[in-house]
Amino acid sequence: MNFDSPNSPTPSNENADSVENFIQGEIFADIFPNMPALTPKKTIKQEHEELLSRLPEFRVVRSSRRKRTLNAFRQNGVIEIHIPDRLSRRQEFEMIPEMIDLVLKRENRLRKSDSALLELSDLILAEFLPEFSERPLSVTWRVMRERWGSCTTVDRTIRISERLNSAPDYVIRYVLFHELIHLRIAGHGDDFHEYLARYPDKERAEAFLEGYEAGSVGTPEEILELPPI
């Protein structure tokens, strides 16, 4: 039975299909959930850019002499990942997070905690600055790219650069000693340097820092072997 009025024009095939699709949409609305709109697949370049925004600073070094092994270590504050030249860009992209994670886990095993830094401060004060009554309220690791450490005399807080987390102990102690002096002396005048000269490994530590090797963990460690490709 046709419910259209006698004068209604006969719908075209295109209009009929639209009406049919609309009715089907109503019928199956409670059966099929609303599906999210399809998004175009990301390119390797787009995925790589997103990955870079989430990871610490790193660089990839390819070598034609390297056949199956990968090395990852921190050098001059940057994580270096050494890979065989035969790896594809996709394989390189997939391995970068794993290699960085291995380096960070190794560094976490070696690094001192914030509480250890605070305890070390007490030892340094007792040994080299016994006349100081000033004491830090907190000593913490912080991400710092421009400085090795900083001190706020108002609230007596000290921050040490994360780049030093794998540095030799005498370097960490020197930077900490430097900041502890700032609890009493804000500037870097003669009186400051008189105190700083008390540190026995001063020149050695400064040479280390000037060489910008504080982030290095030493000899590169071979930590992963590739399966045959």
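A short reminder: the numbers here are calculations on the coordinates, not readings from a lab. Just so we're clear, the structure is a prediction, and the values are computed from it rather than from any experiment. As a convention, Cβ positions derive from the backbone with ideal geometry for all residues, glycine included, and neighbour counts pool all protein chains shown.
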Legend entry - Measure of compaction for the stretch 73-133 (Cα Rg per 2.2 N^0.38 Å): 1.86
Inset, instruction - Highest first, please rank the peptides 186-199, 83-96 by the mean number of other Cβ atoms sitting within 10 Å of their residues. - result: 83-96, 186-199
Inset, instruction - Indicate the gyration tensor shape class of the stretch 149-207 (rounded, prolate or oblate), computed on the Cα atoms with a ≥ b ≥ c the square roots of the eigenvalues: a/c under 1.5 is rounded; otherwise a/b larger than b/c is prolate and the rest oblate. - result: oblate
Inset, instruction - Extending each Cα 7 Å along its Cβ direction at Glu98 and Lys202, get the distance between those two points in nm, one decimal. - result: 5.0
